[in-house]
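Accompanying notes for the structure given below.
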There are 2 protein chains.
Amino acid sequence: MWRSIPKCLINNIIFRNRVQRLPAGQNSLCRPKQEVSLQIYRPHTPTAFKISMPISVIEKVEAFDKQRCITVHWDDGNHSQYPYVWLRDNCQCPQCFLSSAKARKLPIEDLDVNISVEKVISTDSKISVVWPDQHISEFDSNWLKTRSFAQTTRKERQQKLFLTDRQNWGSELQIPTASFEEVLDNDEVAYQWLKTLRRIGVMLLKNAPAEKGQVAKLGERIGYLRLTFYGLTWQVEDKAGANNVAYTSGKLSLHTDYPALHRPPGIQLLHCIKPAEIGGETQIVDGFHVANQLRQLNPDAFRILTSIFVDFTDSGVDYCDFSLQSKHRIIDLDHNGKVVQINFNNATRDSIFDVPVELVHPFFSALKDYMNLMYKPENLITFKMEAGDVLTFDNWRILHGRQNYISTVGSSRHLEGAYASWDEAMSRLRCLEQALYGNK
Amino acid sequence: MWRSIPKCLINNIIFRNRVQRLPAGQNSLCRPKQEVSLQIYRPHTPTAFKISMPISVIEKVEAFDKQRCITVHWDDGNHSQYPYVWLRDNCQCPQCFLSSAKARKLPIEDLDVNISVEKVISTDSKISVVWPDQHISEFDSNWLKTRSFAQTTRKERQQKLFLTDRQNWGSELQIPTASFEEVLDNDEVAYQWLKTLRRIGVMLLKNAPAEKGQVAKLGERIGYLRLTFYGLTWQVEDKAGANNVAYTSGKLSLHTDYPALHRPPGIQLLHCIKPAEIGGETQIVDGFHVANQLRQLNPDAFRILTSIFVDFTDSGVDYCDFSLQSKHRIIDLDHNGKVVQINFNNATRDSIFDVPVELVHPFFSALKDYMNLMYKPENLITFKMEAGDVLTFDNWRILHGRQNYISTVGSSRHLEGAYASWDEAMSRLRCLEQALYGNK
């Protein structure tokens, strides 16, 4: 159902701390909270868009000069506080906000951080703030409610924006699959692909044509691939004079790709064009899940791997000549202590190791303990990719490896790989969500 | 002078903790420390290369099972410790190390972290370690010495690898300049350009052709540009329906570009094809220098800006449709408390602000204090770019802005911009250094 919101009657007017309430009868537009799908006019958003959320109805508004906050009381009994300075900072008028760019024009230099409020006028769906210089800022009730500073609202909002909840897994995981062609052609499938990549960390796309050029199509689906010194896409084959251990027929132990970059690729796309006849099985493990096991089983090792910086290096010639150096903790935590990134490739771990000598042995012990946990049968998945499989995975979370294989002349194993970035993939996910469900 | 190092005579042999010294006469090859330029045979580095450093001469070697370390005594009176596990981990033999990729083959799974040593044989320029399984690892004395775990060596090494020393500046800075064409054609000038970009944070390249395509050439000089949702290069002009505040004729207050990405571009290249007739002056400030002033003058504000995460957002359509969200501290510190990155663009700072309501006002106060310091005359540089100028700067450090300008039909201001990444630029710097001076 699509309809326009009628211009609501005024609920109350606040002249500084004094609330001027209007007759109760004029409050009749207060509606019960309901799920509706409606076209809503947003003064500074150029295109109308569909939203599907409860209408947030304002019951009354209070302004508190002492706390420099406005309190909005909602008809569901809850209330939200909005600091004056934040309201002034986020004025949505054309003078303060460039609607075509959805960006703030008002510079910090021109913001009075100690601003007071002259007057507040509210309806059940809007508040208007009159500032001392008579500038007026209007705020839609839904816009305000989604920006509530309450902890629960913030937490939900952040989860929705960044999809930070992950589902841990061990060897019991049935690797989620989707059709390669459907990911390219069907928005709903593409959306589920990226959501799965975020939550589970891995998805196997099936039945891609067994020829080069398929990972590039996935790059276009996201937006673009991430170019590195190995090229926009790269061929994993047994090569003479290999400039990377992956370009041999040898075993690759579990690793993340490219820690020699300070920001390793967030997403890896690996397309099997031709599997090895004998060997070459793929191995994957949930690095976050195993890191959390290490935290429980060996807190000292966990502390070492989350604190010591390890040097990585990669030099050679491919897309062009290169000489990379980086420093990473093996396990990155966020400011809340949550595991958010694994950086480990034993091949490119530098012989230069920037730690006091007495930390060297504890570091190796800790690293070995972490690796031993990864290789436990309950954590490790081993499977053989088929021609046309595209393994897509979170390179900040999943460690991958391969068994060695027998390289045969003229009929060798061939994968084509590429990298994409999480910012870009999350952007595509939000765009798809907006197109499919209209959620903002 | 180029010459080969003769195969040295054996200095001493250690059988576990027992040092077997050879007759003193056989020590005659110990040379005084001297600066030489020589061709040195590195068993597992395919191409010989020039080095210019003192030869590290081994006086004697001791092995200590209790500490699981080998101690190398140098002829300059110093000594260095090398843990057994680190030596085994860094064996350079073809079984353990892939020389064509300069990468480790030995996996952590196969590394005995509690390994002991069977025998150590040393000459004045090499040690050979025989492990209990009779595997032998050989290490060149120079290779060992540059990998010393001593604090001073590590510090020098890290400075050389990452060039972390910065030179702070205020408005007294004469912006360093170089010829655009020379940066493209002359390795020494290109090297100085990247070194200056690292140390000072800004360099103005002069006399580029006043037409599009020049920043792309700088990208090729580095290796490649960083593609973003605004394209590989982008045109800064006054555009109708601008999808970015930069694409107007309005003032841009001091900012870093693209904090809506979790890893904003490290380097920005801005080529002035046509300056505005009136207005459009460029402003730059050393964000690190001002952050350190804030740390002194207002520690509370500094603490707030280095701890609170701020939401950034950017959505629209350009290279393709996009919807970015990110979280940054305004001032990033490394684990030693050193300022390493500024993330601030008021235009794309989100109205969503994920903090408890009581932190909102302190945040705005702190941010305003930081901005006020930036705009102080002693910190701010204002200048007008000329046609053919390419302003190149460290986008993690330098905040830039522009004065508003008068936009005239058919004769408007036009800049072309592009981004590059620090990892790639540092890689080019190391490659140039190697080519010019042979330092590794």
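Could you tell me whether any residue of the range B:76-95 is closer than 18 Å to A:LYS251 by Cα, among the basic types (Lys, Arg), under 30 Å from the mean Cα position of the chain (by Cα) and open to solvent by less than 40 Å² (accessible area, probe 1.4 Å)? So far as the range B:76-95 goes, no, none of its residues is closer than 18 Å to A:LYS251 by Cα, among the basic types (Lys, Arg), under 30 Å from the mean Cα position of the chain (by Cα) and open to solvent by less than 40 Å² (accessible area, probe 1.4 Å). For the range B:191-207, filtering for residues that are assigned to a loop (DSSP other than H, G, I, E, B) and either out of contact with any strand residue (DSSP E or B) (no Cβ under 8 Å at 6 or more places or on another chain) or free of Cβ contacts under 8 Å to residues at least 12 places away in the same chain (or both) leaves 1. List, please: which pairs have Cβ atoms under 9 Å, are six or more places apart or on different chains, and start with a residue in the range B:133-146 that is without any contact (Cβ under 8 Å) to a residue 60 or more places away in the chain and end with one that is of a type in the set (Phe, Trp, Tyr)? Short answer, once both residue conditions are applied: B:SER137/B:TRP131; B:PHE139/B:TYR82.
Scanning the range B:147-185 for residues that are touching a helix residue (DSSP H, G or I) at 6+ places or on another chain (Cβ under 8 Å), of a type in the set (Asp, Glu) and in the same structural domain as B:GLY219 (by TED's automatic domain parsing) turns up just one, B:GLU182. Taking the criterion of being within 20 Å of B:CYS320 (Cα to Cα) and either among the basic types (Lys, Arg) or more than 9 Å from chain B (Cβ to nearest Cβ) (or both), the residues of the range A:404-434 that qualify are A:ALA418, A:TYR419, A:ALA420, A:ALA425, A:ARG428, A:ARG430, A:LEU432. Scanning the range A:125-151 for residues that are away from chain B (no Cβ under 12 Å) and assigned to a loop (DSSP other than H, G, I, E, B), we see that the one that is least open to solvent (accessible area, probe 1.4 Å) is A:TRP131. Picking from residues in the range A:103-124 that are out of contact with any Phe, Trp or Tyr (no Cβ under 9 Å at 6 or more places or on another chain) and either part of a strand (DSSP E or B) or modelled with pLDDT of 95 or more (or both), the one that is most open to solvent (accessible area, probe 1.4 Å) is A:ASP110.
What about B:THR233, is it in contact (Cβ under 8 Å) with a residue 24 or more places away in the chain and not aliphatic (A, V, I, L, M)? Yes, satisfied. Of all residues in the range A:339-387, those that are within 12 Å of another protein chain (Cβ to nearest Cβ), in contact with an Asp or Glu (Cβ under 7 Å, 6 or more places away or on another chain) and of a type in the set (Val, Ile, Thr) total 3. Listed by first and then second residue, the pairs with beta-carbon distance under 7 Å, at least 6 apart or on different chains, first residue in the range A:412-427 and surrounded by 22 or more Cβ atoms within 10 Å (Cβ to Cβ), second of a type in the set (Phe, Trp, Tyr), are A:ARG413/A:TYR405; A:GLU424/A:TYR224; A:SER427/B:PHE322.
Return the residues of the range B:310-349 that are assigned to a strand (DSSP E or B), open to solvent by 20 Å² or more (accessible area, probe 1.4 Å) and of a type in the set (Lys, Arg); say none if nothing qualifies. The answer is B:LYS327, B:ARG329. Taken as a whole, the structure places A:PHE288 among residues that are part of a helix (DSSP H, G or I), away from every other protein chain (no Cβ under 14 Å), more than 24 Å from A:LEU359 (Cβ to Cβ) and touching a strand residue (DSSP E or B) at 6+ places or on another chain (Cβ under 8 Å). Of the residues that make up the range A:208-230, is at least one closer than 22 Å to A:LEU429 by Cα, in a strand (DSSP E or B) and either away from chain B (no Cβ under 14 Å) or touching an Asp or Glu at 6+ places or on another chain (Cβ under 6 Å) (or both)? No; the residues of the range A:208-230 include none that is closer than 22 Å to A:LEU429 by Cα, in a strand (DSSP E or B) and either away from chain B (no Cβ under 14 Å) or touching an Asp or Glu at 6+ places or on another chain (Cβ under 6 Å) (or both).
The values are calculated or read from the model by the stated rules, or taken from the named source; none is laboratory data. Every value quoted in this text rests on a predicted model; they were computed, and no experiment measured them. Note that we place each Cβ from the backbone using ideal geometry, even for glycine, and neighbour counts take in every protein chain shown. The protein model used for the area step is the full one, side chains on, heavy atoms only, and it has no ligands, DNA or RNA in it. Shrake-Rupley method; radii C 1.70, N 1.55, O 1.52, S 1.80 Å.
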